[in-house]
Every structure is written in C-alpha cells, then in structure tokens.
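Single-structure report; data block below.
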Ligand code: IPD
Ligand code: CA
C-alpha cells in the first residue's frame, strides 16, 4: 500500500480504536471480578478483552478485504500471506482488572514482518497515538518525536516482566541489576503498547522486553520508527514483531541497550 492509501485508512482505524476504548471505559465502571479467566500464571482474560476483540475484528474486516487477523484472544482467525491486522483488544488487562488507569487498544497493520500502520488508544487519558509508513507519528493531531537523548545514563527506561518469567528469570534480573546502576530511572507500567507509545512521544526514552507477542508491539513499532526512533530485537536485528524480543528508542540508546541484552540473553 502507498503512503497515501495508508493515510486515507488511518482516520477510520482511529475511530474504531476509540469505539472499542469507549466500550472498555464503560465496562470498567461496573466491572465484575467473577468474570475473570486465567490463561496461565498471572495471565488473565475477561469478557471485556473478548468483546473488544470481536468489535475490532467486525469493524476492521470491511476496511481491507482479504487482510487476515492475528489477535491476542483467538488464535483460530484466518491469516493472510499479505496484510494482517495484529490486534491487542485490551493491552494492560491486569491494570484494567485492578483499576490501575493505564490500558489501551492496540491495532497494527503488518505486511510480512513489517508494520505499516499503527493505532494505540490509551483509554484513561483519552490519548490516540497513530502512525503510518511515510506519514510520521501523531498524538491527538499533534506530531510526536522520540526523545533527543543520546545515552542510557540520561534515560528513563521502561520494561515489562514476562508472565513466563521462569524461562529467562536469571537474565532478566541480571539486566535489571546492570540498568539500575546505569539509567536515570526504570519504569514498569503494565501495558507494552503504552510503553511504546510513550517512547514515540519522548515520555520514556527507551523500552525493552523479552517474551513479548506480536499484538503487543505491532502498532508501537511503526509509531516509534515514524517518530524517528530505532526498533530492534536483542541482537540489534530486525526480528522484533514475531521474534518475542524488543528494544526501542533513540538510536544511540538502543545501541547501548542491545549490548547489555546480548551479554545476558544468549
Ligand atoms: C501484557 C502487558 C504487559 C507486558 C506483557 C503483556 P496484556 O499484555 O503489555 O505490560 O509486560 O508482556 O503480555 O496481557 O495486558 O494484554
Ligand atoms: Ca498485551
């Protein structure tokens, strides 16, 4: 798709994200904890995640006939060899359940291994972040850029703790220990898509996480790239959408982070 076609598509995708966000905001008011289901240790799903996903799929399908879907709550959806909508219908489910005000809808459009359009709607702050390839990155109508930070020592770095922390727990603790001695601050806000949106607008300097899924990072990666930042896997390579590892931020900072990741994750 051309930049003009993506630009034409983006406003409707924002509306769709906002509609799902309005549904999530309303559901939170009378949230019933007995409806929570567990998908694994510390990994929950509610009827709100599932209904939001169905709303998004129904609304996005007619926009791009032939595009497939990769979504967090249903792995039986049809995928395409060409374009796929990669969706997290409620990123930050644990925050949502606990009433911690940081959760969002994340919609990415991915061609092969490359994200070409992304919309992240953070429900509580009513902030819609969006970007498309060649069109820049935006927050509620204003252009955004990553921070101008040149070194890790000046950086506030966000991360997430994977649910299956057992696999890499030693490496994760080693990285945290090294970063605590190096960075200005470390944050864990509980929604990877929001972490990446905040990197795109310079609130966070950088973000990294291992064990992450495509629906957590598909929208955020094009946002950070179009905001002038670098996105990579832990080896400074390009396998970050489906490779379950991500680093993003200004180029100098991601370079320093990837050296630390390579040392501890083999
Ligand atoms: C999770 C959040 C969290 C990140 C996890 C994700 P969910 O998504 O983005 O910040 O650390 O890796 O799975 O379960 O809230 O949609
Ligand atoms: Ca998620």
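Summary of computed values
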item: For peptides 72-79, 234-241, 45-52, sequence by mean Cβ density within 10 Å, most packed first; result: 45-52, 234-241, 72-79
item: Relative contact order %, the range 152-264, counting alpha carbon pairs below 8 Å whose residues are six or more apart; result: 28
item: Geometric extent, Cα atoms of the chain - Rg, Dmax (angstrom); result: 17.3, 50
item: Percent breakdown of C-alpha pair distances by 10 Å bin, ordered from the shortest bin, for the range 98-148; result: 24, 46, 26, 4
item: The range 181-228 shape via C-alpha gyration tensor axes, a/c threshold 1.5; result: oblate
item: Cα-based shape type of the range 41-111, given that a ≥ b ≥ c are square roots of the gyration tensor eigenvalues and the cut on a/c is 1.5; result: prolate
item: Extension gain, residue 154 back to residue 177 (0.36 nm per residue minus Cα-Cα distance, nm); result: 6.6 nm
item: Fewest-first sequence of 60, 223 by Cβ atoms within 10 Å of each Cβ; result: 60, 223
item: Fluctuation leader among 117, 179, 90 - the chain, Gaussian network, Cα springs under 10 angstrom; result: 179
item: Segment residue 113-residue 145, extension gain: residue separation times 0.36 nm, minus the distance between their alpha carbons; result: 9.2 nm
item: Gap separating the Cα centres of the range 123-198 and the range 13-79, nearest whole Å; result: 23
item: Sites residue 3 and residue 125, calculated FRET efficiency, Cβ-Cβ separation with R0 35 Å, nearest 0.05; result: 0.80
item: For the range 152-264: rounded, prolate or oblate by the Cα gyration tensor [a/c cutoff 1.5]; result: rounded
item: Hull volume in cubic angstrom per residue (convex hull over the Cα atoms of the range 3-143); result: 109
item: Ranking of 85, 138 by count of other Cβ atoms within 10 Å, fewest first; result: 138, 85
item: Rel. contact order, % - alpha carbon contacts under 8 angstrom, at least six apart, the range 41-119; result: 24
item: Residue of 55, 196, 125 that the Gaussian network model of the chain assigns the largest fluctuation, springs spanning Cα pairs under 10 Å; result: 125
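Each reported figure results from applying straightforward, stated rules to the coordinates on display, with no laboratory input. From a predicted model like this one, the values you see are computed outputs, not experimental measurements. Cβ coordinates were reconstructed from backbone atoms using ideal geometry, including for glycine residues, and neighbour counts include every protein chain displayed.
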